[in-house]
Amino acid sequence: MEKQLDSMPKTTMQPTTPLLKVVSSCNFHEEEVLKKHFLLELQSTLDLEQLLVIFFRYLNTIVPCRGLDYQHQEMGIFLRQGSRARHSAEYRLNIGRDALGTIRFNRRNAFAERELKQLETLLGALVLPVRNALYYRQALEAASIDPLTGLKNRRSYADNLEREISRARRENQPLGLMVIDVDRFKRINDEIGHLAGDQVLAQVAEALRRSVRRSDMVFRFAGDEFVLLLPNLKPGSISALKSRIRRVLQQMDWAHGDHPIEVSLSIGVAVLEEEMDGEALFKAADLNMLCEKAEKHGKS
């Protein structure tokens, strides 16, 4: 692991052992029970986000923290528990040659040296479960990728939708869902050919990737329909995202051989409300998209 405190230079450390030595206000027996329960919980899941929930909960019984950020740039993962704060301690997680990402602890007050040693000891218990969770995530993603566009597929969408709804409600954060449909896609297939249609889908996917935030998720839902999950959606950002998608689209070269292609999108958005489940959220965004498409083509 490598450690970084605020703006201080990074220093390299040897990985700590999974054995925990912590200071607690509990008596010795209670402390041992909590520790054993924590270690068992870490081994109970291969879901990376759930793993961080377990770790963050136990962490706060030992070293109070306002928030925790985990990032794995190569895999496009960014997960947060709690919130950012003024002071931080950051560690790069490694096992041998396996780079497991970085984890940053945030709070209002600076960490004492004793607390940093406790963080490092706790991280010693986390690194193996994190590696297992990353391997599991890679295996799932390999089965959840659309081969034409490289986007996550409908199966992945279903898994992520329920997870994001749970997180939005747990953290009291807004969640948006955007449904995007390629206008007159059947005409492209019929008049220019299916290879041209495949090219359009791949280019639309690339335009969406370029347009979204790192925390957003893009899926090929079915045929010429795409879905975006938009966690922590800021007020006023919907129209900005729509404009950005259409601007990126206009900047791309739309032609198949000698055949120019006219490409436009119909976009609908819905924001999660208290009484909504995943199906209701999708239906609201899909209806919004169909209304836009009808208005665009002069249909009632």
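The values are calculated or read from the model by the stated rules, or taken from the named source; none is laboratory data. All of these numbers come straight from a predicted model, not from anything done at the bench. Here the Cβ positions follow ideal geometry from the backbone for every residue, glycine too, while neighbour counts run over all protein chains shown.
So the values come out like this:
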item	result
Pick from segment 130-152, criterion out of contact with any strand residue (DSSP E or B) (no Cβ under 6 Å at 6 or more places or on another chain) and not hydrophobic (A, V, I, L, M, F, W, C), ranking: farthest from residue 42 (Cα to Cα)	147
Segment 51-81, subset under 13 Å from residue 130 (Cβ atoms) and under 13 Å from the mean Cα position of the chain (by Cα), residue surrounded by the most Cβ atoms within 10 Å (Cβ to Cβ)	70
Lone unmet requirement of (1) surrounded by 14 or more Cβ atoms within 10 Å (Cβ to Cβ); (2) in the same structural domain as residue 271 (by TED's automatic domain parsing) for residue 131	(2)
Within segment 73-115, tally of residues that are hydrophobic (A, V, I, L, M, F, W, C), closer than 16 Å to residue 59 by Cβ and assigned to a strand (DSSP E or B)	5
Residue within segment 139-149 that is free of Cβ contacts under 8 Å to residues at least 12 places away in the same chain, part of a helix (DSSP H, G or I) and charged (D, E, K, R) present	no
Lone qualifier among 214, 220, 246, 210 - being within 22 Å of the chain's Cα centre (by Cα) and part of a helix (DSSP H, G or I)	210
Residue 47, sole failed condition from (1) surrounded by fewer than 17 Cβ atoms within 10 Å (Cβ to Cβ); (2) modelled with pLDDT under 50	(2)
Matching option when the condition is more than 21 Å from residue 277 (Cβ to Cβ), acidic (Asp, Glu) and touching a residue at least 40 places away in the same chain (Cβ under 8 Å), among 190, 224	224
Enumeration of residues in segment 91-126 that are more than 22 Å from residue 38 (Cβ to Cβ) and of a type in the set (D, E, K, R)	92, 97, 98, 108, 113
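Residue by residue, here is whether (1) modelled with pLDDT under 95; (2) assigned by TED's automatic domain parsing to the domain that holds residue 49; (3) of a type in the set (Val, Ile, Thr); (4) closer than 25 Å to residue 69 by Cα holds:
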{"site": "171", "(1), (2), (3), (4)": "yes, no, no, yes"}
{"site": "175", "(1), (2), (3), (4)": "no, no, no, yes"}
{"site": "208", "(1), (2), (3), (4)": "no, no, no, no"}
{"site": "218", "(1), (2), (3), (4)": "no, no, yes, yes"}
